[in-house]
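The values are calculated or read from the model by the stated rules, or taken from the named source; none is laboratory data. All values reported here derive from a predicted model rather than from experimental measurement. Here Cβ is always computed from backbone atoms with ideal geometry, including for glycine, and neighbour counts include all displayed protein chains. Heavy atoms of the whole protein, side chains included, go into the accessibility calculation; ligands, DNA and RNA do not. Shrake-Rupley method; radii C 1.70, N 1.55, O 1.52, S 1.80 Å.
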Amino acid sequence: MIPAPLLLYLGHSTDFIGVKTSRGLATFAPEKCVGEFRHDDCPFSLGLPRMTMPQGAAAGAKTLVLGIANSGGTIEPALVDDALDAIAAGMNVAAGLHQRLRDQPRLVEAARAAGVALFDVRDAPVDLPVGNGRPRAGRRVLTIGTDCSTGKMYTTLALTRALVARGVRADFRATGQTGILIAGSGVPVDAVVADFISGAIERLAPPREDGGWDVIEGQGSLFHPSFAGVSTGLLHGAQPEAIVLCHEPGRAHMRGLPGQALPGIAETLAMNLAVARLTSPAVRAVGICLNTSAMEEGAAHALCDATAEEHALPCTDPMRFGLDAIVDRLLA
């Protein structure tokens, strides 16, 4: 477990989607967060007190979370410099990037000298099985997307909370760095060797007999040329009874791939259902979640209503309008 309270890192980031780990922690685990660290060229705020590293430590922060997700998950020199400042202030440092903190000699030596720890969240378990696809007990719902970073983690967490609020047993199953930091456990599926992805998810959501739901965080998109393999392994390993599609209206192209158009909602649903049927023949779609954060509320309501009518499925923005209709369909 990573020691809290946490100081959340924005650094020099000018990519709002790229700070999703810090945003996710501020939204779903605010009780763990004391403030945010950002440079003057960062235009974003999490609504937390802005602090220097010494101020964060003085406020009680035990760990700086490098809550960014850049392309390729690289550790840039400026990030190392900021992490060194956090260590000098007496804080641990945590990151979920593909490049590891432990492979940065300056950070390793500084942490050793200061008596603090480095936490690499994106470490996959070493003893994962190969998936077998055999039917297993339990009820599972998986979020999918038209693209990366369309709100799958937000939807999964919100859906878990909505089920629990109905008195239904439900457990959030994290598959990415942000979700793992929030939940305190999970499998960073994009760091798992390809042969073991479905087996990792079978282990993450094992058979259960209590009638409860495993609400599994999706990753990537079947239509994203870079990450479709991870999405496929998730679909097969999850054996979902139900899927919920996540989409960001108005996105110009697939994330990180200018010129690569997003698929349509109907096309995405059909493809995901077809792939999921390999291990879950009776899988069904139960709803669509739109990220309407860039839209005026009235327009967002109207789009959700139109999308629901077009696809004959409940449609909502889970962060603005709740998930009642989707939960009704899931439990029906």
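No other residue among Val215, Val230 is β-branched (Val, Ile, Thr), closer than 26 Å to Ala332 by Cα and outside any loop (DSSP other than H, G, I, E, B) apart from Val215.
Kindly provide the set of residues from region 126-156 that are buried (at least 16 other Cβ atoms within 10 Å of the Cβ) and farther than 16 Å from Thr268 by Cα, ordered by number. Outline the logic, then answer.
Taking region 126-156 and keeping what is buried (at least 16 other Cβ atoms within 10 Å of the Cβ), we get 128, 131, 138-156.
Residues satisfying the conditions are Leu128, Gly131, Gly138, Arg139, Arg140, Val141, Met153, Tyr154, Thr155, Thr156.
Only one entry in Gln99, Gln55 is within 26 Å of Ile201 (Cβ to Cβ) and open to solvent by 30 Å² or more (accessible area, probe 1.4 Å), namely Gln99.
Only residues that are more than 17 Å from Ile326 (Cβ to Cβ) and in a helix (DSSP H, G or I) were counted across region 247-288, and they come to 7.
The residues listed here are Thr143, Thr178, Thr156, Thr150; of these, the one that is in a helix (DSSP H, G or I) and within 24 Å of Ala325 (Cβ to Cβ) is Thr156. Cβ-Cβ contacts under 9 Å between residues 6 or more apart (or on different chains), taken from a first residue in region 203-228 that is touching a residue at least 12 places away in the same chain (Cβ under 8 Å) and surrounded by 15 or more Cβ atoms within 10 Å (Cβ to Cβ) to a second residue that is in a loop (DSSP other than H, G, I, E, B) and among the aromatic types (Phe, Trp, Tyr), are listed as Gln219/Phe227; Gly220/Phe227; Ser221/Phe227. Just checking, does region 16-36 include any residue being basic (Lys, Arg), touching a Leu at 6+ places or on another chain (Cβ under 7 Å) and on the phi < 0 side of the Ramachandran plot? Taking every residue of region 16-36 in turn, at least one turns out to be basic (Lys, Arg), touching a Leu at 6+ places or on another chain (Cβ under 7 Å) and on the phi < 0 side of the Ramachandran plot.
Which one of Gly24, Gly35 is open to solvent by less than 60 Å² (accessible area, probe 1.4 Å), of a type in the set (Gly, Ala, Ser) and in a strand (DSSP E or B)? Give the derivation first.
Working: Gly24 fails: in a strand (DSSP E or B).
Criteria check complete, one pass: Gly35.
The set of residues in region 289-332 being touching a Gly at 6+ places or on another chain (Cβ under 9 Å), among the β-branched types (Val, Ile, Thr) and either crowded, with 22+ Cβ neighbours inside 10 Å or not in a helix (DSSP H, G or I) (or both) consists of Thr316, Ile326. Filtered by the rule that a residue be over 14 Å from His12 (Cβ atoms), loosely packed, with under 14 Cβ neighbours inside 10 Å and either touching a Phe, Trp or Tyr at 6+ places or on another chain (Cβ under 7 Å) or modelled with pLDDT under 95 (or both), region 58-93 gives Ser71, Gly72. Can you confirm whether Gly259 is under 21 Å from the mean Cα position of the chain (by Cα) and either surrounded by 14 or more Cβ atoms within 10 Å (Cβ to Cβ) or over 20 Å from Thr156 (Cα atoms) (or both)? For Gly259, the condition - under 21 Å from the mean Cα position of the chain (by Cα) and either surrounded by 14 or more Cβ atoms within 10 Å (Cβ to Cβ) or over 20 Å from Thr156 (Cα atoms) (or both) - is not met. Of the residues that make up region 144-163, is at least one over 17 Å from Cys315 (Cβ atoms), among the small types (Gly, Ala, Ser) and out of contact with any helix residue (DSSP H, G or I) (no Cβ under 7 Å at 6 or more places or on another chain)? The answer is no, given that none of the residues of region 144-163 is over 17 Å from Cys315 (Cβ atoms), among the small types (Gly, Ala, Ser) and out of contact with any helix residue (DSSP H, G or I) (no Cβ under 7 Å at 6 or more places or on another chain). Of all residues in region 306-315, one or more are touching a helix residue (DSSP H, G or I) at 6+ places or on another chain (Cβ under 7 Å) and among the hydrophobic types (A, V, I, L, M, F, W, C).
Evaluation of Ala242 against the conditions (1) closer than 26 Å to Ile2 by Cβ; (2) at pLDDT 95 or above; (3) touching a helix residue (DSSP H, G or I) at 6+ places or on another chain (Cβ under 9 Å) shows that the sole unmet condition is (1). Residues in region 274-312 that are within 18 Å of Glu241 (Cα to Cα) and touching a residue at least 40 places away in the same chain (Cβ under 8 Å): 13 in all.
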